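Okay, structure first, notes after.
The values are calculated or read from the model by the stated rules, or taken from the named source; none is laboratory data. These figures come from a predicted structure and were not determined experimentally. Cβ sites come from the backbone with ideal geometry, for glycine too, and all protein chains shown count toward neighbours.
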Amino acid sequence: MLSLGRKDFPSPRGDLAEALDVALHRFVEKPGQIVDLRSRVFPLVDEIRINLDGAIVDSAPPPLAKVEGDRSRAFEAALVTLNGRRVCVQGVPFNVRLAMRDVIFDKGVDANGEAVLALNKVREGQLVISAAQLDLEGAIARIVGERARLYGIELEQVRLFMRARGRSSIAADMQVWAKKFFARAKIDIYAQLDISNEFVARISQLKCKGDGKLGSLACTTLQPFFKRLLEKSFPLKSLPFLGDLQLRDIYVAVADTVDITVDFGGHQA
């Protein structure tokens, strides 16, 4: 659900396009217009196109709005698309594609009396998120390197190798070469993420092996963190963007890029 930041709900198509543009700019940094809306007979919308190419999402996004009280029909859209190439999230570039067909939007108000736009129904939708393995490798080296320096450890090299183990499972091998003063070590980390038929994601395997005193110390330090991760599960049906929509399928593909595809539509049972 998206707060439009205004008390009245926009009715002319131009006014609606501007309101959507302003609302979405609160989630991303990108100059210029990002929303294009085409409608011959409003409130029947032919297409809403959202362009996030090069957008930056660095800070924590604002929470999604919640409708207080009754909802009513706002408008219908034959097609809603969102495309973003090299969208930067916490310094990591991703590509994202979203397409929704035969979409019904509702309107309501939040606790502050501001207009809220909510998804009511989508006949079919698909979200594809992809990232290059080299970009993920670079992000891991940067993030882990910053933490390691707090302990006086420098990362000399990081290598990441990811592969699919079926349509709903990803395995990752990470090799880290590190040094502290004159001591050097190679650390091997293996992780596997599985998604169940009930769309619950869980890290099923997480292993660490290091050579020498420094490598052993690193693995010992990581064990409590690994233990907490192995105990957690992540129900994907509760993804914020889904709302009341039904999650139909999730599958992965891995080559030079890691691609995650989410199919959704209708209502949750």
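Selection of first residues in the range 80-101 that are over 14 Å from VAL28 (Cβ atoms) and of second residues that are hydrophobic (A, V, I, L, M, F, W, C) and not in a strand (DSSP E or B), restricted to Cβ pairs under 6 Å at least 6 apart or on distinct chains, gives the following pairs, ordered by first then second residue: VAL92/ALA139.
For the range 89-107, the tally of residues that are crowded, with 16+ Cβ neighbours inside 10 Å and polar (S, T, N, Q) stands at 1.
Taking each residue of the range 196-210 that is crowded, with 16+ Cβ neighbours inside 10 Å and looking for partners that are of a type in the set (Lys, Arg) with beta-carbon atoms closer than 6 Å, six or more apart or interchain, yields PHE199/LYS237. From (1) touching a residue at least 60 places away in the same chain (Cβ under 8 Å); (2) more than 23 Å from the chain's Cα centre (by Cα); (3) more than 21 Å from PHE75 (Cα to Cα), pick out the condition that doesn't hold for GLY152. The failed condition is (1).
Of the residues making up the range 7-53, those that are of a type in the set (Lys, Arg), without any contact (Cβ under 8 Å) to a residue 40 or more places away in the chain and either under 23 Å from ARG85 (Cβ atoms) or surrounded by fewer than 16 Cβ atoms within 10 Å (Cβ to Cβ) (or both) are ARG26, LYS30, ARG38, ARG40, ARG49. Just one of the listed residues (ASP244, ASP259) is part of a loop (DSSP other than H, G, I, E, B) and either among the acidic types (Asp, Glu) or closer than 27 Å to ARG147 by Cα (or both), namely ASP244.
Checked against the criterion of being exposed (fewer than 14 other Cβ atoms within 10 Å of the Cβ) and not assigned by TED's automatic domain parsing to the domain that holds PHE9, the range 108-123 contains not a single residue that satisfies it.
For the structure I just gave you, tell me whether ILE140 is closer than 24 Å to GLY215 by Cα and within 23 Å of the chain's Cα centre (by Cα). Spelling it out, ILE140 is indeed closer than 24 Å to GLY215 by Cα and within 23 Å of the chain's Cα centre (by Cα).
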